[in-house]
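The values are calculated or read from the model by the stated rules, or taken from the named source; none is laboratory data. Note that this is a predicted model, so its numbers are computed, not measured. In this analysis, Cβ positions are derived from the backbone assuming ideal geometry, glycine residues included, and neighbour counts consider all displayed protein chains. Each accessible area value is taken on the protein alone, full model and side chains, heavy atoms only, with ligands, DNA and RNA left out. Shrake-Rupley method; radii C 1.70, N 1.55, O 1.52, S 1.80 Å.
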Amino acid sequence: GGSYRKLARSFKGEYLEVSLSEEFGFNPFPLRSQIAPGGQFDDDAVAYLSLLISRMCVEQGTAVSVYQKGFLEKAIKSAYAEKEEVILSDIRAQLFNLAKEHPTAKTFADALQLWTSGMYGRLFNRPGALDITNRMVVFDLQNLENHPDLQGVYFFVIRSIIWGKLQNRSLKKIIAIDEGWKFFNDDVGAELIENLYRTARKFNGAVFSISQSPVDFLETRAAKAIISNSYIKYILKLTKGHELLGQFDLNASEVEAVKQLQSKQGVFTDVFAKYGSHSMVIRIEPCPLDYWICTTDAKDRVREDQARADKPGISET
């Protein structure tokens, strides 16, 4: 919704307002040399692709069985056995080939029609990656709100874009998911997010899941995956929901500390941080530059627009 636009521009990052157009289409499948270096498949990567295909094929809330995961993995590996660059229609063809041995595979193959030759085919059934070389990249999915099935899939496909960055273990990475909890509210989404946390950690990366309320996390099926894989927790001042913090591994005294957090618009904010068994309260006092880069307050936006009108051509910073 635009919250990160100024941040990205100020640090010369890339801000992508994703829409249903070929501009944002790419192949979500890594090259064989990336997913199977030396001929050995990365199990987490294959599992992620299997779950991603499931996200395209099953209705939200429907669990994927071990049997179904098995033939999806087989279809993926068979497709890579024939080509260096695999696209979604190659997976569909392999599923049709497996239909005699695994009848349910045809159901998945039929469902992929929408994503290969149907309305979403131009987005994901194509060769070539979305080339992202910038160190800071923001994907804004608000324009896809009228396509909730596509919005959820695109969120998890983004992981394919950063695969190259994940492979560079010497590069520290942060994947920040702001208000993404709505994409996790089924069994497949929960497994995908757990895989993302595990994979990022393996490749020297961290995942930050951000929301305005603890309820948002706890009402999703991915709650256990997110909380159990989060070593560090940051909590800002809350107006309600303190009674839920015990489910985030906070004890009674820590919950009380959260209740005492203070903030003053434009001056400071307190943050409760818990890392492992340790906890502390931090006070953040932003300098004017930090504040104006990050603020999304409506009154601040009016003041900023007026300043730009008074001084045309003024820089972001």
| message | Taking 10 °C and 1.306 mPa s as the conditions, I'd like the Stokes-Einstein D for segment 214-290 in µm²/s, using the Kirkwood hydrodynamic radius from alpha carbon pairs. | response | 118
| field | Column: log10 I(q)/I(0), Debye, Cα scatterers of segment 45-183, q = 0.14, 0.18, 0.22 Å⁻¹ | value | -0.71, -1.15, -1.52
| query | Rounded, prolate or oblate: which one fits segment 83-127, using the alpha carbon gyration tensor with axes a ≥ b ≥ c (rounded when a/c is under 1.5, else prolate when a/b beats b/c, else oblate)? | reply | oblate
| remark: Note: probe point = Cα of N251 + 7 Å toward Cβ; backbone nitrogen < 20 Å; residues of segment 212-229 passing the test are 228
| Carbon and sulfur: what percent of segment 1-60's accessible surface (1.4 Å probe)? | 45
| task | Express the carbon and sulfur contribution to the solvent-accessible surface of segment 80-159 as a percent, rounded to the nearest whole number, probe 1.4 angstrom. | result | 49
| How about K74: which lysines have a C-alpha closer than 22 Å to its C-alpha, ignoring those fewer than 8 places off in the same chain? | K83, K100, K106
| note | Amide H proximity to Y15 below 5 Å, modelled H, separation 5+ or other chain, gives V138
| task | Give the residues of segment 208-240 whose amide nitrogen is closer than 17 Å to a point set 7 Å from the Cα of L7 in the direction of its Cβ. | result | 208-213, 233-237
| note | Taking a probe of 1.4 Å and leaving out DNA, RNA and ligands, segment 99-239 shows per residue an accessible area in Å² of 50
| field | Shape call, segment 136-243: gyration tensor on alpha carbons, a/c limit 1.5 | value | oblate
| task | Please list, or write none, the lysines whose alpha carbon is within less than 21 Å of the alpha carbon of K202, excluding same-chain residues fewer than 8 places away. | result | K165, K172, K173, K224, K233
| note | Checked against the positive end of the charge dipole of segment 40-100 (+1 on Cβ of Lys and Arg, -1 on Cβ of Asp and Glu, about the Cα centre), the farthest of Q68, A45, A81 is Q68
| Hey, what's the per residue convex hull volume over the C-alpha atoms of segment 1-109, in cubic angstrom? | 155
| If you project the alpha carbons of segment 170-317 onto the principal axes, what extent comes out on each, in Å, largest first? | 51, 35, 31
| field | Folded to 0 to 90 degrees: helix 43-57 orientation relative to the chain principal axis, Cα | value | 90
| Using only the Cα atoms of the chain, what do you get for the radius of gyration and for Dmax, in Å? | 21.7, 71
| message | Classify segment 18-77 from the C-alpha gyration tensor, please: rounded if a/c falls under 1.5, else prolate or oblate depending on whether a/b exceeds b/c. | response | oblate
| field | Extension gain, L31 back to D310 (0.36 nm per residue minus Cα-Cα distance, nm) | value | 95.4 nm
| query | Cα axis of helix 88-97 to longest principal axis of the chain: angle in degrees, 0 to 90, nearest 10? | reply | 40
